[in-house]
Amino acid sequence: MRIFSNPNYDFIRWRWHALIASLGLMAVGLYVAVFLQGLPLGIEFTGGTVVVMDFPQRVDEGQVRAAIDPIAKDAIVQRVGTGNQIMIRLRQAEGTQVGDSLEADALRVEAAVKNAGFGVPTIASKDIVGPVIGADLQRKGIWATITALGGILLYIGVRFRFNFAVGAVIAAVHDILITLSMLAFFHFDLTLNVIAAVLTITGYSVNDTIVVFDRVRENQRLMRREPLDSIVNKSVNQTLGRTVITAGLTFLAVFALYLFGGDVLRGFAFTMLVGVVVGTYSTIFIAASIAIILSRRTTSGPATAQPQAKLRRA
Amino acid sequence: MYKNLRWKFLTILAVLVLFGGLGLYPSIASYFGVKSPAWLMAYQLRLGLDLKGGLQLILKVQTDDALKVEVENSAEQLKTALRDANITGTTVRADPAQVQFTVESVPTASEQQFRTIADNQFGQSYDRDARGGGTYVFTMRTNVAKIRREEAVTQAVQTLERRVNELGVAEPWVGPYGTAGDEIMVQLPGLKDPARAKAIMGKTAMLELKLVESGPVSDEKMLQTNGQVPAEMQIVRESSTNPSDPTPKFYLVKKTASINGNDVRNARATIDQYNLPAVSFTLSNEGAAKFGDVTAANIGKQLAIILDSQIVSAPVIQGVITRDGEITGQFTQQEAQDLALVLRSGALPATLTYLATQEVGPTLGADSIRAGLMASVMGLSFVTLFMLVYYRLSGLNAFISIVFNLIILLGFMAYLGAVLTLPGIAGFILTIGMGVDSNVLIFERIREELGTKKGIRQAVAAGFDRVFVTILDTHVASLIAAAFLFQFGTGPIRGFATTLVFGLISNVFTAVFVSRTLFELILSKKPAGATQLSI
């Protein structure tokens with residue numbers, strides 16, 4: 001059984017269209033995410049409190065909201081899990097100090113819910129994050145991403161060519177930005193778990209791109225006369241079956257996580273789902289296109305690009 | 001053709017038994033309550049807080065406190081030294097906010113002697129600045145202040161360790177956290193009563209015993225002379241634990257403590273003569289000697305027992321006390337026990353503030369494990385089903401290598417004592433994805449090679465050989481990303497990176513070595529000229 005038999009699509013012809021479409025999507029996404037709604041940072045990054053309470057029976061969100069309204073006006077109340085759980089999120093008030101005041105706020109909210117008369121809840125989980133830690137995590141998350149991308153840039157630069165490395169990294173950044181705007185659009189909070197997923201996408205996207213580049217490197221040795229864009233196009237087509245099957249299967253595995261992984265991992269799974277789709281698209285349309293465009297600039301004429309394979313194949 | 005097949009097969013079997021035995025068996029045995037030798041059970045997979053439930057805290061040590069105490073002590077020491085040297089008329093004033101103390105009106109005749117005394121005592125740790133007119137300012141050196149801050153954090157870690165060790169939690173963990181240098185992380189997996197744990201950890205437990213000059217009175221102004229607190233004295237409030245008597249009580253006590261928490265060697269909860277909960281303590285030899293002198297000289301006077309700057313009780317000294325004392329007050333049994341615990345563990349050098357707390361109930365953890373397992377099983381089933389349909393018998397090959405991968409991954413983590421967290425389970429699913437990717441790469445390549453009219457053996461060999469470089473490149477790139485995640489990430493991100501790293505390494509083994517051996521096993525059973533391969 002085969003999905004593609006000897007595919008020969010002219011992907012490279014569409015590179016400018018793809019680039020413009022991606023730029024447009026990113027611009028719209030970032031506009032929505034940053035200017036319209038603001039990035040929905042989780043409490044790990046902004047500071048604040050999240051309490052999940054487990055009630056003996058199903059409880060209405062509105063009732064809980066009414067019970068805590070006098071003491072916590074802008075609290076977010078949301079039903080999670082099986083329906084007996086209520087999540088209450090208190091934002092860090094501007095300028096408040098760390099630690100004890102947040103702790104006290106959380107206790108007051110818990111007391112208010114307990115006294116509201118719809119059963120005594122147990123605390124399923126409670127997270128309190130002071131603003132200092134939040135700022136620290138933000139910085140660390142950004143650093144982890146930048147350094148990971150830097151490391152990948154270096155590795156691909158050494159193993160392939162620098163133009164390819166730039167293509168792969170731009171494709172990864174492209175995937176990160178589009179995924180972030182999707183998260184904002186669908187109101188998923190940017191929690192630490194989600195950041196882990198975003199970083200995973202970076203890895204996935206690069207992984208996907210390397211498979212194609214690897215084929216390009218191999219084909220460059222076999223077809224020295226061919227121009228680079230035709231070699232790239234051929235390589236994309238040759239690996240198309242693998243790209244689509246892997247993407248589909250990873251999508252399935254992550255979809256299982258989305259369906260069965262519970263509330264805690266739903267944001268993670270959603271991020272991965274978006275990332276797999278975007279990552280596959282960027283492998284086919286963005287990474288290689290950038291590599292070709294950059295190679296045109298640096299080398300004139302048909303591809304004199306020499307493979308830099310350090311590891312000879314058997 | 002495949003000479004080493006037997007050895008390859010045995011290697012795989014050995015790896016499987018090793019990792020399966022260390023990784024899977026102990027965890028499964030404990031889940032189902034099967035009795036097994038203890039050395040084997042030590043390799044049980046450790047679960048993170050998010051799966052096990054419990055409490056995690058990030059605390060900040062207010063290291064300024066430690067410097068403040070140091071500066072005040074130095075000022076006191078200098079005062080004593082000047083008195084001993086008969087240099088009179090000087091004032092010594094501590095200014096903790098500036099990490100310095102000021103000495104004023106040193107008589108001109110004694111200045112030389114004063115400098116010698118000061119340099120002997122503080123030459124190492126303070127910079128002396130002469131302001132003229134007998135005024136000197138001593139500022140703590142920056143490097144000394146830095147060391148004092150570090151010491152305060154180390155001491156806080158040790159104190160907290162002693163405290164949490166007595167909480168009865170299976171695997172408490174206390175250690176420095178973050179890059180700021182003054183943060184501590186405490187993990188208490190499986191903890192039942194977070195509020196009590198927080199109370200015990202946060203207690204500074206600064207115990208001081210000071211002689212009472214006068215009191216108690218309800219207005220602190222009555223203790224002042226001419227609107228000033230007398231020299232060498234301070235006013236301390238009694239902690240109002242008695243609800244029927246809300247009027248505050250103040251005492252005038254000596255500023256210098258007769259003995260303090262450092263002199264306490266042991267403490268335990270007891271019952272006092274009125275059958276109320278109390279805490280009795282035993283002093284070190286040095287402390288006992290000091291305390292003996294003080295009590296002998298002050299029989300009939302009150303001695304204030306001050307805990308965290310509040311008087312707990314002020315009993316009258318009935319006779320000479322040396323080694324053993326008792327703190328009575330309005331304690332509940334639990335409070336007495338907790339107080340004894342914090343006294344035993346020693347005082348914190350500085351107050352702690354909570355930067356972040358994470359509390360996970362045990363049910364949520366169990367739910368998460370179930371959800372994670374379910375997601376992994378479903379994910380694996382989806383993938384296997386597709387592989388079997390699309391690659392027929394070779395799909396089985398992929399399934400085996402992915403299951404091997406997961407077993408090795410679990411074994412790795414159990415053996416190295418890595419902690420499995422919820423994001424770690426997500427890492428499992430990604431590992432399944434990576435395993436599938438490698439298999440798909442190989443199978444697609446073999447199909448391609450078969451298309452070029454090669455024999456099946458050559459096609460399989462060429463497929464594996466060609467794809468090996470690709471797999472190496474993708475895995476190294478992913479490893480680089482995972483390494484940075486681990487380096488700069490925190491908590492959940494690290495858990496994820498850990499699983500990913502081990503998953504990537506074992507995947508190279510299973511997808512390339514195991515899968516290839518399985519293929520060769522099948523091929524060795526076929527006649528040399530066979531042209532059919534189920535792929």
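Each reported figure results from applying straightforward, stated rules to the coordinates on display, with no laboratory input. The shown structure was predicted, so the numbers you read here are calculated from the model rather than taken from an experiment. No Cβ is skipped: glycine too gets one built from the backbone with ideal geometry, and neighbour counts run over all protein chains shown.
For the reader, a short list of remarks on this structure follows.
- Acute angle (nearest 10 degrees) that the helix B:491-508 long axis makes with the longest principal axis of chain B, alpha-carbon atoms: 30 degrees
- Whole-angstrom gap from the range A:197-249 to the range B:80-154, using each part's C-alpha centre: 71 Å
- Selection from B:Ala14, B:Ile147, B:Leu167, by position along the positive dipole direction of chain B (Cβ): B:Ala14
- Per-residue HN-Hα couplings for the range B:342-350 [Karplus 6.51, -1.76, 1.60; θ = phi - 60°; Hz; x = Gly/Pro]: 5, 5, 4, 7, x, 7, 7, x, 7
- Chymotrypsin sites (Phe, Trp or Tyr not before Pro) within the range A:143-210, DSSP loop, no more than 15 other Cβ atoms inside 10 Å: A:Phe186
- Within the protein assembly as shown, helix-based [θ] at 222 nm, where runs of 4 or more DSSP H residues each add -39,500 (n - 2.57), nearest 500: -18500 deg cm²/dmol
- Mean projected area in nm² (Cα convex hull; one quarter of hull surface) for the range A:48-129: 4.8 nm²
- Cα extents of the range B:219-291 along the three principal axes, largest first (Å): 42, 35, 16
- With at most 11 neighbouring Cβ atoms within 10 Å, loop trypsin sites (Lys or Arg not before Pro) (DSSP) excluded, longest segment of chain B: B:36-452
- What the Cα atoms of chain A give is an Rg and a Dmax of 24.3, 80 Å.
- Those lysines that a straight Cα-Cα span of less than 24 Å connects to B:Lys8, excepting residues fewer than 8 apart in one chain: B:Lys525, B:Lys526
- Alpha-carbon gyration tensor eigenvalues x 5, square-rooted, for the range B:248-358, Å: 24, 17, 16
- Helical segments meeting 18 Å axial Cα length and Kyte-Doolittle -1.0 threshold in chain A (DSSP H): A:15-30, A:100-115, A:131-159, A:162-185, A:192-222, A:240-260, A:262-282
- Along chain A, the longest continuous region that contains none of the trypsin sites (Lys or Arg not before Pro) in a DSSP loop with at most 14 other C-beta atoms within 10 Å is A:74-223.
- Cα gyration tensor shape for chain B, rounded if a/c is under 1.5, else prolate or oblate: prolate
- Rounded tilt (10° steps) of B:111-122 against the dominant C-alpha axis of chain B: 30 degrees
- Along each principal axis, taking the top coordinate minus the bottom one, the Cα set of the range B:63-145 gives 39, 21, 20 Å in descending order.
- Relative to the longest principal axis of the Cα atoms of chain B, the long axis of helix B:393-416 makes an angle of roughly 20 degrees.
- Convex hull (Cα only) mean projected area of the range B:382-517, reported in nm² to one decimal: 8.1 nm²
- Local charge for B:Glu161 was computed over the other residues whose Cβ lies under 13 Å away, with Lys and Arg +1 and Asp and Glu -1, and equals +1.
- Summarised as an ellipsoid, the protein assembly as shown has semi-axes of 66, 31, 27 Å, derived from the eigenvalues of the Cα gyration tensor scaled by 5 and square-rooted, with the largest first.
- Among A:Thr179, A:Thr209, A:Thr200, the largest mean-square fluctuation in a Gaussian network model of chain A (Cα springs under 10 Å) belongs to A:Thr200.
- Residue mean of other protein chain beta carbons inside 10 Å, A:236-247: 4
- Here the 3J(HN,Hα) profile of the range B:380-388, calculated from phi with Karplus coefficients 6.51, -1.76 and 1.60 at θ = phi - 60°, is 5, 5, 3, 5, 4, 4, 4, 4, 5 Hz, Gly and Pro shown as x.
- Spatial separation of Cα centroids for the range B:316-363 and the range A:12-37, in angstrom: 60 Å
- Sequence-distant residues sharing a close amide H with A:Ser125 (under 5 Å, placed H): A:Val52, B:Gly361
- Rel. contact order, % - alpha carbon contacts under 8 angstrom, at least six apart, the range A:48-129: 49 percent
- Mean separation of Cα pairs under 8 Å and 6 or more residues apart, divided by the residue count, gives chain B a relative contact order of 18 percent.
- Distances between placed amide hydrogens fall under 5 Å for B:Leu191 paired with B:Gly54, B:Leu55, all partners being 5 or more residues away or on another chain.
- Averaging Cα coordinates gives a centre for the range B:493-512 and one for the range B:245-311; these two points are 58 Å apart.
- Inter-label distance for B:Val217 and B:Lys454, nm, one decimal - labels placed 7 Å from Cα along Cα-to-Cβ: 10.1 nm
- Rounded to the nearest 20 debye, dipole of chain B from Cβ charges on Lys, Arg, Asp, Glu: 2700 debye
- Contact order for the range A:133-272, expressed relative to its length and based on alpha carbon pairs under 8 Å spaced 6+ residues apart, stands at 24 percent.
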